[in-house]
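Quick notes on the structure that follows.
The values are calculated or read from the model by the stated rules, or taken from the named source; none is laboratory data. Owing to the predicted nature of the structure, the values given are computational and were not obtained by experimental measurement. Because the Cβ atoms are built from the backbone with ideal geometry, glycine has one as well, and the counts that use them run over all protein chains shown. Keep in mind that these areas ignore ligands, DNA and RNA; they rest on the heavy atoms of the full protein, side chains included. Shrake-Rupley method; radii C 1.70, N 1.55, O 1.52, S 1.80 Å.
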Amino acid sequence: MLIKTLSHLARKKVPSQVVIQYTDNCNASCPQCGMRKSNKFLRSTMKVAEAKKIIDHAAKNDVSALSFTGGEPMLYFKELTGLISYANKAGIKYIRTGTNGFLFQNHTDPGFTRRMEMMAQTLAFTKIYTFWISIDSSVPSLHEEMRGLPGVIAGIRKALPIFHSYNLYPSANLGINRNVGDLKGLTARDPCNFYQGYKTAFKNFFDLIIDMGFTMVNACYPMSVDSTEKTGLDAVYEATSEAPIVNFTSEEKALLFKALADTIPEYRHKIRIFSPLVSLGSLIRKYSGEPDASYPCRGGADFFFVDAKNGNAYPCGYKGGESLGQFTRLDLTKNGDKPSCRECDWECFRDPSELFGPLLDMFDKPLSFIKKIRNDREYMKVWLDDTLYYRACDLFNGRKKPDYKKLASFKVKNSSSFVFPYPINIKNPSYANVED
Ligand code: SF4
Ligand code: SF4
């Protein structure tokens with residue numbers, strides 16, 4: 001792995017990642033997503049033979065990580081598990097997929113345990129690296145109501161020990177939204193309460209999933225494409241929404257990213273948390289008036305999105321106007337235009353771009369790297385801590401249980417009063433009080 005990463009860096013690239021949207025079919029009703037079952041549009045699902053060609057091309061081009069997304073990928077469990085095995089045999093190590101949780105419904109049925117065992121056994125056989133289960137709220141009833149999937153929280157709780165017995169450690173995926181807790185009516189007009197409300201909601205969320213039995217978690221940052229904003233973004237698929245539940249102002253984003261960054265350190269020794277603090281720090285800076293604080297996104301350079309409809313490649317799922325043509329004809333090893341996009345916060349591409357940023361500088365622009373160490377010590381400290389944490393988490397290997405001895409070194413003193421080193425610096429002076 002190390003040698004492979006170094007060889008990428010030497011070529012001014014980072015280990016590449018492809019997100020394959022296997023389907024845009026879904027059986028859930030999430031208000032924040034255009035693919036919810038009630039939304040009428042022409043749906044598409046990839047053919048297995050086409051998906052195999054995409055996997056072959058990815059493997060030939062030295063792709064390290066492959067994700068199968070949807071819609072709801074687990075509607076096609078048999079096809080998916082076959083494709084995961086196929087990708088693994090083709091030499092791709094980091095293979096991920098997940099579910100909205102519908103499989104965990106009806107947990108009181110007599111056949112539930114047997115069904116979970118079959119599912120866990122089949123998934124475990126594929127050598128999948130990460131299997132995620134989406135959970136959108138620290139309040140179980142709110143989550144189930146939004147997804148339209150009653151009973152899933154109890155079902156997941158019951159299924160997790162079964163998954164663990166097959167050495168499968170699913171990750172909880174939190175899609176941040178205004179229902180992440182009981183936050184009704186909170187806006188940035190009341191910044192202190194907004195910040196405190198989200199901090200409490202994130203704490204409650206971590207407590208809930210630890211109590212359910214999860215050993216790993218990731219946060220998906222809110223994605224919305226506002227048609228009134230001149231962002232230039234145009235989603236390839238229907239994953240975005242203008243629904244108020246995922247629309248946050250810049251001020252609110254700064255506050256909620258700060259609330260998350262201030263909460264994570266308290267939990268890093270209890271559960272493996274994928275969200276890198278360095279990335280949250282850059283987002284706080286971005287929404288506090290430093291738009292170029294982050295490293296530019298590697299979407300379109302090393303990371304690609306392939307759609308279910310045509311098998312076309314895009315720089316990401318949010319650049320529908322920039323088709324790169326058939327993925328199977330794309331030369332992924334080429335160095336294209338210099339990455340410069342920072343238009344969205346899509347964690348799948350933004351988090352690894354941020355984490356690899358300083359490493360790439362070390363190889364490509366050593367002077368910039370030295371300058372960063374000198375001038376932005378706080379950033380480099382957080383980045384180094386993240387890289388050590390990633391190592392302690394065994395790169396979030398979802399096939400191994402956490403090594404709590406290694407995680408223990410990330411326990412912070414006085415965790416309840418921990419404050420992430422980036423202050424909020426928004427024009428409105430009342431934001432200065434946010435840490436009080
Ligand atoms: S967020 Fe996922 S589960 Fe919910 S409607 Fe969209 S694709 Fe389906
Ligand atoms: S920041 Fe990355 S994921 Fe977001 S629009 Fe730009 S290229 Fe796409």
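Numerical summary
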| item | result |
| --- | --- |
| Residue count for the stretch 253-273, restricted to those that are open to solvent by 10 Å² or more (accessible area, probe 1.4 Å) and within 17 Å of Val180 (Cα to Cα) | 1 |
| Residues satisfying the stated conditions in the stretch 288-322, i.e. outside any strand (DSSP E or B), modelled with pLDDT of 90 or more and more than 13 Å from ligand 2 (Cβ to nearest atom) | Asp307, Ala308, Lys309, Asn310, Gly311 |
| Residues of the stretch 320-367 satisfying the condition of being among the aromatic types (Phe, Trp, Tyr), crowded, with 16+ Cβ neighbours inside 10 Å and either closer than 30 Å to Leu388 by Cβ or without any contact (Cβ under 8 Å) to a residue 24 or more places away in the chain (or both) | Trp346, Phe349, Phe356 |
| Any hit, the stretch 343-363, residues being outside any helix (DSSP H, G or I), touching a helix residue (DSSP H, G or I) at 6+ places or on another chain (Cβ under 8 Å) and away from ligand 2 (no atom under 16 Å from the Cβ) | no |
| Qualifying residue in the stretch 223-246 (condition: at pLDDT 90 or above and not in a helix (DSSP H, G or I)) | no |
| Inter-residue pairs, beta-carbon under 8 Å, first closer than 16 Å to Gly82 by Cα and in the stretch 50-72, second of a type in the set (Gly, Ala, Ser) and assigned to a strand (DSSP E or B), 6+ apart | Thr69/Gly98 |
| Residues being over 18 Å from Pro352 (Cα atoms) and either within 16 Å of ligand 1 (Cβ to nearest atom) or in contact with a Lys or Arg (Cβ under 6 Å, 6 or more places away or on another chain) (or both) - total across the stretch 263-304 | 3 |
